[in-house]
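Asks: I have a structure here, written as C-alpha cells, and I will follow up with some questions on it.
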Amino acid sequence: MQCPLFFLLLGPLYTVLQAQEISVNDQKTGIIGQVIDLPCTIGSNDPNIHVSQIMWEKGGTSIAVFSPQHGTHISDPTTFQLINPSQSSATLRISSVRANNEGEYSCEVTLFPSGNRKATTKLAVIAVPQNSAEANTEATANGEEQTVATCRSSNGRPPSLITWQTSLPGNVTTIMTNNTDGTYTVVSRYVMTPTSQADGMPITCNINHESTMVPIPLMLSVKYPPEVTVEGFDDNWHLKRNGVYLTCSAKGNPPPTSYKWKTVDGSPLPSTVRVQENILFVDEVDERVNRSFLCEVTNELGSRAYRQDVLVREKPNNSGAGATGGIIGGIIAAIVGIAVVATVILICRQQKKNETAKDDEEFEGPPAYKPPPPSLKLQIEKPAEEVPLKAVLPPSETTDSQDMELNGKTPPKYQMTPESQRYSDFQNDYLEQENPIYNEFHPPENASPRDEQGFMMSPAVYV
Ligand SMILES: *[C@@H]1O[C@H](CO)[C@@H](O)[C@H](O)[C@H]1NC(C)=O
Ligand SMILES: *[C@@H]1O[C@H](CO)[C@@H](O)[C@H](O)[C@H]1NC(C)=O
Ligand SMILES: *[C@@H]1O[C@H](CO)[C@@H](O)[C@H](O)[C@H]1NC(C)=O
C-alpha cells in the first residue's frame, strides 16, 4: 500500500527535476487594478550549467530581460517589474492589472552551454462586477407592456450572465456595454404587462459571474386603482330592523386615500344613514334605504366604485329563520329523546341493582360516554376560508419612497404639469369606465346567492 502512494507523491517532483530548469504557473488569474506576480524559477543542480539570461515575453515581444552580467531591462517599467531577479528566479510583477494584460507570458531562459528553455503562463484578467437590482416602483397596471424590474451587473469581466426567476410571465431584454477598460456592463430588464395581482409578487434576478451566482430577490410594485368590495348586506333588511351597516373595503397601490358613499341615482344620502369613513350605518331600516348605494374609493390612480343593491323587506325574511327553528327543534327533540332513553336505562339498572345487590362492578364502571371532539377541529378550520380583504401592501420602505415621491411630485393645484395631466387623464379614463365595470363585475344576481350563503351558515353557529 505504501509504495504506490510514495511514488504518487514523488511523481510530479520527479518530472520537474527531469525537465530541469524552468518552472512557471500554467495559469494565473489577475483582477483588474490589483497586483499579480508571475514566478519563473530555474532549478539547475548541475554546476556546469550557467544562466546567462532570463527573458519574459508576450506575443513575441520582450517585456523584461535580466542578465547576471548586464543587469535588468524593462520595456514598460510603469506596468512591469522584475522582483529580485537572480540566476535562479525572475518573477514578473504587474502592479495594476489591466484587461489588455491578458494573454500568454513566456519565461525564456538562456543557459550556457545547453541553450534556451521556455515555459509559458496563461494570464486571465477578470473584474468583479458591482451588482444591483430594483423593482420599478412606477410600474402601473394600465394594460401596457413595461419594465417591472431591472438588474444591473457593472464593470465585470468576463460579462455576467443574468437570468430571472418568477412565476409571472414576461420577457427579458438584456443590453451589454463594452467599457473602455475591457469590462462589461450588463443590464437586464424584466418586461411584462403588469396586473394588480403582480403587486407584491416575488421576482429574483440571478447574476452569474465566474462560476458564482448572486441572487437578488425583489418584490414587484405595481400601481393600480382601488379594488372595492362592500360587505354587510344579508338580504334580510326589513322595516324597523336596527343597527345594520355596510362596510366598504378596498385595496390599491398606492393605498386608497378616500372612501365616499353615494346613491346610484345621485340623490343625497337619506337622512337615516350615518357615514363613518368606510362604513355606512343604518340605525333603523326604513323605505329610504330601499335603493342602491355606491362606495367610491380613490387613490392616486383614480376612483373605482362598488355597487350594493339594498332591498328592504316589509317583514323579516323568515325562510332562513324557519330552517333554523326546524334545526333547533330537531336538536331539542333529539336531546329529549336521548334523555328519556338514558333515564329509562338508569331506572332499569337501578331496579336490577336492587334485585341483585352483589353486582357492584357494573355500576362502578363509569358510563362509557366520551364526547368526540373532531367536530371542533372542523369548525376551527372554517374561518380560514374567508379571504382577507385587506390588500397585501408592498414593503414599508417601498411605500415610504412612493409617498415621498408623491409628495415631492404633487404640483400646486393651479399648475398642470405633464405628469399630473397624465394621472388626471388616467383617472378620467377610469371614471368613464365606472359604469360598465359595475355591470360587468357586480351584477345584482351575484350579490344574493353569496348573501344567502352567508345567511345559511348562521344555523351552524347554533349547533
Ligand atoms: C414577449 O414578447 C413577445 C414579442 O414581442 C410578445 O408577443 C409577448 O406577448 C411577450 N410576452 C409577455 C408575457 O409579455
Ligand atoms: C463587445 O464584446 C463582445 C465580447 O468580447 C464582442 O463579441 C462584441 O463584438 C463587442 N461589441 C462591441 C460593440 O464592441
Ligand atoms: C323596496 O323596493 C322594491 C322595488 O325596488 C319593492 O318591491 C319593495 O316593496 C320595496 N320595499 C319597501 C319596504 O317599500
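Asks: When the residues of segment 171-181 are filtered to those that are more than 9 Å from ligand 2 (Cβ to nearest atom) and over 16 Å from Asn206 (Cα atoms), which remaining residue is nearest to the chain's Cα centre (by Cα)? I'd like the intermediate steps shown before the answer.
Replies: Going residue by residue through segment 171-181, those that are more than 9 Å from ligand 2 (Cβ to nearest atom) are 171-175, 179-181.
Filter once more, keeping what is over 16 Å from Asn206 (Cα atoms): 179-181.
On the way: Asn179: 32, Thr180: 35, Asp181: 35 Å.
Top of the filtered list is Asn179.
Asks: So which of Ser114, Ser96 ends up being farther than 25 Å from Gln27 by Cβ, among the hydroxyl-bearing types (Ser, Thr, Tyr) and surrounded by 12 or more Cβ atoms within 10 Å (Cβ to Cβ)? Step through it out loud before you land on a result.
Replies: Values: Ser96 fails: farther than 25 Å from Gln27 by Cβ.
The match here is Ser114.
Asks: Going through Val222, Val230, Val172 one at a time, which residue ends up being modelled with pLDDT of 95 or more and within 30 Å of Glu287 (Cβ to Cβ)? Can you show your working first?
Replies: Details: Val222 fails: within 30 Å of Glu287 (Cβ to Cβ); Val172 fails: within 30 Å of Glu287 (Cβ to Cβ).
None of the other options fit; the residue is Val230.
Asks: Kindly check whether there is at least one residue in segment 104-122 that is in contact with a His (Cβ under 6 Å, 6 or more places away or on another chain) and not hydroxyl-bearing (Ser, Thr, Tyr). Give the derivation first.
Replies: So in segment 104-122, the residues in contact with a His (Cβ under 6 Å, 6 or more places away or on another chain) come out as 112.
Going one step further and asking which of them are not hydroxyl-bearing (Ser, Thr, Tyr), we end up with 112.
Yes, some residue in segment 104-122 is in contact with a His (Cβ under 6 Å, 6 or more places away or on another chain) and not hydroxyl-bearing (Ser, Thr, Tyr).
Asks: Give the number of residues within segment 219-266 that are within 22 Å of the chain's Cα centre (by Cα) and not in a strand (DSSP E or B).
Replies: Number of matching residues: 5.
Conditions (1) within 16 Å of ligand 1 (Cβ to nearest atom); (2) under 49 Å from the mean Cα position of the chain (by Cα); (3) touching a residue at least 12 places away in the same chain (Cβ under 8 Å), marked per residue:
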{"position": "His73", "(1), (2), (3)": "no, no, no"}
{"position": "Arg93", "(1), (2), (3)": "no, yes, yes"}
{"position": "Val97", "(1), (2), (3)": "no, yes, yes"}
{"position": "Phe112", "(1), (2), (3)": "no, no, yes"}
{"position": "Lys118", "(1), (2), (3)": "no, no, yes"}
{"position": "Asn131", "(1), (2), (3)": "no, yes, yes"}
{"position": "Glu145", "(1), (2), (3)": "yes, yes, yes"}
{"position": "Arg157", "(1), (2), (3)": "no, yes, yes"}
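Asks: Could you list, in sequence order, the residues of segment 274-306 that are outside any loop (DSSP other than H, G, I, E, B), without any contact (Cβ under 8 Å) to a residue 60 or more places away in the chain, within 16 Å of ligand 3 (Cβ to nearest atom) and surrounded by 18 or more Cβ atoms within 10 Å (Cβ to Cβ)?
Replies: Val282, Val289
Asks: Residues in segment 18-32 that are at pLDDT 95 or above and of a type outside the set (D, E, K, R): how many?
Replies: Within segment 18-32, residues that are at pLDDT 95 or above and of a type outside the set (D, E, K, R) number 7.
Asks: Let me ask another. What's the total number of residues in segment 179-218 that are free of Cβ contacts under 8 Å to residues at least 40 places away in the same chain, outside any strand (DSSP E or B) and either under 27 Å from Ala99 (Cβ atoms) or not polar (S, T, N, Q) (or both)?
Replies: Qualifying residue count for the region: 4.
Asks: Further, regarding this structure: Every residue in segment 141-163 that is assigned to a strand (DSSP E or B) and either crowded, with 22+ Cβ neighbours inside 10 Å or on the phi > 0 side of the Ramachandran plot (or both), please.
Replies: Filtering segment 141-163 down to residues assigned to a strand (DSSP E or B) leaves 146-157, 161-163.
Scanning segment 141-163 gives Val148, Ala149, Cys151, Ser153, Asn155, Gly156, Arg157, Ile162.
Asks: What residue, among those in segment 142-163 that are of a type in the set (D, E, K, R) and more than 22 Å from His209 (Cβ to Cβ), is nearest to ligand 3 (Cβ to nearest atom)?
Replies: So, considering only residues that are of a type in the set (D, E, K, R) and more than 22 Å from His209 (Cβ to Cβ), the one nearest to ligand 3 (Cβ to nearest atom) is Glu144.
Asks: Can you go through Ser211, Ser196, Ser167 and tell me which one is surrounded by fewer than 21 Cβ atoms within 10 Å (Cβ to Cβ), of a type outside the set (A, V, I, L, M, F, W, C) and under 30 Å from Lys262 (Cβ atoms)?
Replies: On the way: Ser211 fails: under 30 Å from Lys262 (Cβ atoms); Ser167 fails: under 30 Å from Lys262 (Cβ atoms).
The match here is Ser196.
Asks: Criterion first (among the β-branched types (Val, Ile, Thr), crowded, with 19+ Cβ neighbours inside 10 Å and not in a helix (DSSP H, G or I)) does Thr121 satisfy it? Give the derivation first.
Replies: Numbers: among the β-branched types (Val, Ile, Thr): yes; crowded, with 19+ Cβ neighbours inside 10 Å: yes; not in a helix (DSSP H, G or I): yes.
Yes, satisfied.
Asks: So, in segment 54-85, exactly how many residues are under 20 Å from Gly43 (Cβ atoms), of a type in the set (S, T, N, Q) and surrounded by 14 or more Cβ atoms within 10 Å (Cβ to Cβ)?
Replies: 1
The values are calculated or read from the model by the stated rules, or taken from the named source; none is laboratory data. As the structure is a computational prediction, the values presented were derived from the model and not from experiment. Note: ideal-geometry Cβ built from the backbone for every residue, glycine included; neighbour counts use all protein chains shown.
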